[in-house]
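Asks: Structure in C-alpha cells, see below.
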Amino acid sequence: MKKKEKRTKGKFWAYFLGYSLAIIMTIPLLWMIISSFKAPGSTVTVLKELFAPPYTLESFKKVLEPGESAMMVRWTFNSVYIGIVQTSVTVLLSSWAAYAVSRIPFKGKKIVFVLILAGLMVPMESIVVPLFNMIVDLGWVNSYKALIWPGMMLPLAFLILKQFIDGIPTELFEAAKIDGAGIFTIWWKIVVPLSKSSMAAVSIFIFVQSWNNLLWPLLVAQETKMMTLPVGIPTFQSIFATDLAVPMASNVLASIPALLVFLLFQRHIIKGISMTGIK
C-alpha cells in the first residue's frame, strides 16, 4: 500500500509539473494569438483590455497589404523555398555520409567520423565572419545560394541517421552484395526504405532550424525582397512602433507553416527518435 501511495504521489507531482510547464509555455502563444485579432493601435499589454472585444482581422489585412512596409508573402516564400531546398539537400547528403561511414570500409573512416562530430561543438557565431567573407568574395550576397549552401550539412542529422543505419542487420547488406547490388543500389533499396522514419524526423529538425534561423539571413539578405520571415518580421516593430497588434499578426502568420509541418509529421518524429534509440 505504501509503495502504491508513493507511486500515486509521484505521478501526481509529475503530471502537475508537466501541466504547469505546459501552461507557462502556452501563455505567450495565447497572448500573441489574441493580440493579433485586436484592431491596429489597440492596447494589448493590459489584461483587461486584451480580452475585451471587439475582435477583427484588420491587423492581418495590414500585414498582407502590398508595399515596402509589408512583404509577408515574399518573406514567406523565401522561408519556405529555403527550408524545402535546404532540408532536401541536407537529408540527402547526411544519408550518403551516414551510409558511407557506417557500412563502407575505407581508410581514415574514424577520423572522418570524429571530424563530422566536431562540427557539433563549433557554434555558428565562431565561423560566421570567415564564412561571410567567403560569400562576399563569391559575390553571393543577397542571393538564395548564400542563404542555402552554408546550411546544407548538419552534423546532428548525420549522427541520427548513422545510429539508425548501424542497427540495420548486416545480413541484409551481405545478401544484397551476393545478388550483385552496388553501393548506390544498396543505399536506395535497403537504407532509404528502412530509415524513412529517421529521415522524416531529421527533416523536421532541419526545416524548423532553417525556418527560425536569424543570424545568417540577417547578414547575407540585405535587400528587403531577399529577407526571410525571422529577419523581416522585426521591421514591423519599427514601422508600427506604438502598435503591437500588427507585429503579433505577422508572428501568427509566420508560425502557421512551421506549426503545420510539425503537427503533420510529429508521429514520424517520435517514431524516428524511438527507433534510433532502440537501434
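Asks: Carbon and sulfur together cover what percent of the accessible area of the chain at a 1.4 Å probe radius? Could you put the intermediate results ahead of the total?
Replies: Values: 11920 of 16920 Å².
C and S atoms contribute 70 percent here.
Asks: Still on this model: To two decimal places, what compactness ratio does region 170-224 give when its Cα radius of gyration is scaled by 2.2 N^0.38 Å? Could the numbers behind the result be given before it?
Replies: On the way: Rg = 18.8 Å, N = 55, 2.2 N^0.38 = 10.1 Å.
Dividing the Cα radius of gyration by 2.2 N^0.38 Å gives 1.87.
Asks: Which of K109/K177; K62/K225; K62/K145 have a Cα-Cα distance over 27 Å? Could the numbers behind the result be given before it?
Replies: Values: K109/K177 21 Å; K62/K225 18 Å; K62/K145 31 Å.
Going by Cα-Cα distance, K62/K145 fall outside the 27 Å limit.
Asks: Please find, in a Gaussian network model of the chain (springs between Cα atoms separated by less than 10 Å), the residue of W31, W211, W96 whose mean-square fluctuation is greatest.
Replies: It is W31.
Asks: Can you sort M71, M134 by solvent-accessible area, 1.4 Å probe, largest first?
Replies: I get M134, M71, largest accessible area first.
Asks: Just the projected area, averaged over all directions, of the convex hull on the alpha carbon atoms of region 105-227: how many nm²? Let's see the in-between values first.
Replies: On the way: hull surface 39.1 nm².
Result: 9.8 nm².
Asks: Any idea of the accessible area per residue across the chain, 1.4 Å probe, to the nearest Å²?
Replies: Details: 16920 Å² over 279 residues.
Counting only protein heavy atoms, the per-residue value for the chain is 61 Å².
Asks: Taking springs between alpha-carbon atoms closer than 10 angstrom, which of I183, I135, I160 fluctuates most in the Gaussian network model of the chain?
Replies: Among I183, I135, I160, the largest mean-square fluctuation in the Gaussian network model of the chain belongs to I183.
Asks: Pick out, from S250, W216, A52, the residue whose Cα sits farthest towards the positive end of the charge dipole of the chain, with +1 on the Cβ of Lys and Arg and -1 on the Cβ of Asp and Glu.
Replies: Towards the positive end, the residue furthest out is A52.
Asks: 5 Å is the cut-off here: which amide hydrogens, built 1.01 Å from N in the peptide plane, fall below it relative to S42, excluding neighbours closer than 5 in sequence?
Replies: Residues meeting the amide H criterion: A245.
Asks: Moving on to the next point. With N set to the number of residues, divide the alpha-carbon radius of gyration of the chain by 2.2 N^0.38 Å and report two decimals. All intermediate terms of the calculation are to be shown ahead of the outcome.
Replies: Numbers: Rg = 23.7 Å, N = 279, 2.2 N^0.38 = 18.7 Å.
Dividing the Cα Rg of the chain by 2.2 N^0.38 Å gives 1.27.
Asks: Please sort through the DSSP H helices of the chain and keep those with an alpha-carbon extent of at least 30 Å along the long axis and a Kyte-Doolittle average not below 0.5.
Replies: Details: long enough: 2-36 (51 Å, 0.25); 72-103 (45 Å, 0.78); 245-278 (46 Å, 1.32).
Taking the DSSP H segments of the chain (at least 30 Å long, mean hydropathy at least 0.5), we get 72-103, 245-278.
Asks: How do K38, K109 rank by accessible surface area computed with a 1.4 Å probe, from largest to smallest?
Replies: K109, K38
Asks: How big is the charge dipole of the chain about its Cα centre, in debye rounded to the nearest 20, if each Lys and Arg gets +1 on its Cβ and each Asp and Glu gets -1 on its Cβ? Please list the in-between numbers first.
Replies: Values: 25 positive and 13 negative charges, 309 e Å.
That gives the chain a dipole magnitude of about 1480 debye.
The values are calculated or read from the model by the stated rules, or taken from the named source; none is laboratory data. Quick caveat, the model's predicted, so the values are computed rather than measured. So basically every Cβ, Gly included, is an ideal-geometry build from the backbone, and we count neighbours across all protein chains shown. In case anyone asks, the SASA skips ligands and DNA or RNA and just uses the protein heavy atoms, side chains included. Shrake-Rupley method; radii C 1.70, N 1.55, O 1.52, S 1.80 Å.
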